[in-house]
Amino acid sequence: MSDCDAAAEPTAEPSDRDTAAGNPPVRRVSDWSADRLADLASEHGTPLYVQDLDRVRENCERLRDAFPDADVRYAVKAHTGRAVLDAVREAGLDAECASAGEVDRALAAGFGGGRLHYTAVNPPAGDLDYVVDVAEAEPDLTVTVGAVDTLDRLAERGYDGRVCVRVNPGVGAGHHEKVRTGGAAKFGIPYDRAAAATRDAAERFDVVGIHAHAGSGIDPDQLDSHRELVARMGELARELADPDDDTPPPDIEYVDVGGGFGVPYEEEEPPLDLPAVAEATREAVAPLPAGVDLAIEPGRYVVADAGVLLTRVNTVKPTPDERVVGVDAGMTDLLRPAMYDAYHPIRNLGGGRESDGSDAPTPEDRSATPVTVAGPICETGDTLCTDRALADPARGDLLAVGIAGAYGYEMANQYNSRPRPAEVALDDGTAAVVRRRETLGDLTTVERDANRNRADGTGADR
Ligand code: LLP
């Protein structure tokens, strides 16, 4: 299916099918106020990420409501911004961190050890050193480990604290093969060795949990895989609680079945029925041994629809085959379309001019035209969409790229020496710049630091 078939130009009004409950399951790009977004773009320039903290809170609330008895851990990698972390912490979620850098950010945002879960994936030595150090001050921190070798490396550092064993459940799911972790050998201890590895680990560490993650962006069609993973993890928890010899079973506190709850990127795609997913999860994991809780770690679901990326049309180029709309955001600002062929809804907010300099009509008065929206990076893959019907874009128009709050800014980079965009957070209607726009000077900071250190003899990498 081409983008063009799937896309309908969104209406300016909130979609009433979703807003009835007051906390709708998804906020579409059409639900944002066009005037507000246009004002923010005028004030702060483009490309600009806008992240609505109120929506982040609503998403946390829906997760808490659907999983009232579960430990809910926010996968920080989806959006590490301090304002988001503060909102998530205040909403009562824990933090699941993938690196020393994420642990550092979560600590700074006030997540104490008891709310910190570090998932070590082939952890670099420096990350382990850092986290073991943190654990001395925050002994309630948990390290989730997916290889016996990593357990050995922790033991070598004198760590004997809380450990969760990551299992490779042999079943994966997700929006793209690159994000289906569940069956990939890289992640977790193979399922059939997991019980023995967990028991062995309990001799050296305080083993408090078992963990598996199917992958990211699980849509309603993949819920069977999710259920299968959850059922396997429930079975493993029961097996661990009931050893066939005299060794005392590890004192497991939780079974973490990962994150991955998908959000509907396409306008007509229905949102996940979260209460139904929660119910199916509880059923599949049951019966859990006494004292063992369910845990989940969603990232995308918390932040995706709370964010949009604003970008300005700079060049409109009709060609015999397609109409190419050049914008000031590209794969360096939002990598997902180039990396995963990911679909992001795009709404034309207008404001541009015709080639004769006159004001272009409002988007509602323009015809829907199939276009390629291309960024400023010298790569063919640098497109935000192809063959997509948009209200015919004119130079100067503002485009809102929807559902951009998860893995948007986080995967932004400086390729082609492009400074990263700014980010504004909306909090109870008030807007504040929470990540300033990078400057050309920022691009060379690390080189200049290295050169300065070399010149004054302190060493290039100090
Ligand atoms: N837990 C673990 C161990 C994970 O590896 C991940 C995501 C999550 C939780 C959260 O998954 P979520 O609920 O956000 O789906 N850059 C990709 C997504 C990569 C996700 C990696 N792991 C994208 O833009 O789609």
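The table for this structure:
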| read-out | value |
| --- | --- |
| Residue match in region 306-324 (condition: closer than 30 Å to Leu53 by Cα, part of a helix (DSSP H, G or I) and modelled with pLDDT of 95 or more) | yes |
| Residues (more than 16 Å from the ligand (Cβ to nearest atom) and in the same structural domain as Thr80 (by TED's automatic domain parsing)) located in region 281-339 | Arg282, Glu283, Ala284, Val285, Ala286, Pro287, Leu288, Pro289, Ala290, Gly291, Val292, Asp293 |
| Cβ pairs under 8 Å, 6+ apart, first in region 64-87 and farther than 16 Å from Ala404 by Cβ and at pLDDT 95 or above, second in a helix (DSSP H, G or I) and of a type in the set (S, T, N, Q) | Phe67/Thr281 |
| Qualifying residue in region 251-266 (condition: more than 16 Å from the ligand (Cβ to nearest atom), modelled with pLDDT of 95 or more and in contact with a helix residue (DSSP H, G or I) (Cβ under 9 Å, 6 or more places away or on another chain)) | yes |
| Flag for Gly408 being at negative phi and at pLDDT 95 or above | yes |
| Residue within region 360-370 that is under 23 Å from the mean Cα position of the chain (by Cα) and modelled with pLDDT of 95 or more present | no |
| Condition met for Glu269 (closer than 30 Å to Pro47 by Cα, in contact (Cβ under 8 Å) with a residue 60 or more places away in the chain, of a type outside the set (S, T, N, Q) and surrounded by fewer than 23 Cβ atoms within 10 Å (Cβ to Cβ)) | no |
| Region 380-396, subset of a type in the set (D, E, K, R) and touching a helix residue (DSSP H, G or I) at 6+ places or on another chain (Cβ under 8 Å), residue farthest from the ligand (Cβ to nearest atom) | Asp387 |
| Hits in region 273-314 - residues which are of a type in the set (S, T, N, Q) and in contact with an Asp or Glu (Cβ under 7 Å, 6 or more places away or on another chain) | Thr311, Asn314 |
| Filtered residues of region 325-335 (kept if open to solvent by 10 Å² or more (accessible area, probe 1.4 Å) and not in a strand (DSSP E or B)) | Asp328, Met331, Leu335 |
| From Val148, Val165, residue being touching a Gly at 6+ places or on another chain (Cβ under 9 Å) and hydrophobic (A, V, I, L, M, F, W, C) | Val165 |
| Residues of region 273-302 satisfying the condition of being assigned to a loop (DSSP other than H, G, I, E, B) and surrounded by fewer than 20 Cβ atoms within 10 Å (Cβ to Cβ) | Asp273, Ala286, Pro287, Leu288, Pro289, Ala290, Gly291 |
| Val263 open to solvent by less than 10 Å² (accessible area, probe 1.4 Å) and of a type in the set (A, V, I, L, M, F, W, C) | no |
| Every residue from region 430-462 that is open to solvent by 50 Å² or more (accessible area, probe 1.4 Å), in a loop (DSSP other than H, G, I, E, B) and at pLDDT below 95 | Asp456, Gly457, Thr458, Ala460, Asp461, Arg462 |
| Residue within region 159-168 that is more than 16 Å from Val257 (Cβ to Cβ), touching a Lys or Arg at 6+ places or on another chain (Cβ under 7 Å) and within 15 Å of the ligand (Cβ to nearest atom) present | no |
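Residues checked against (1) open to solvent by less than 30 Å² (accessible area, probe 1.4 Å); (2) assigned to a helix (DSSP H, G or I); (3) not hydroxyl-bearing (Ser, Thr, Tyr):
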residue: Pro337; (1), (2), (3): yes, yes, yes
residue: Thr372; (1), (2), (3): yes, no, no
residue: Pro376; (1), (2), (3): no, no, yes
residue: Cys385; (1), (2), (3): yes, no, yes
residue: Ala425; (1), (2), (3): yes, no, yes
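The values are calculated or read from the model by the stated rules, or taken from the named source; none is laboratory data. Quick caveat, the model's predicted, so the values are computed rather than measured. Counting neighbours? That spans all protein chains shown, and the Cβs are built from the backbone with ideal geometry, glycine included. Just the protein is used for accessible areas: all its heavy atoms, side chains included, with ligands, DNA and RNA removed. Shrake-Rupley method; radii C 1.70, N 1.55, O 1.52, S 1.80 Å.
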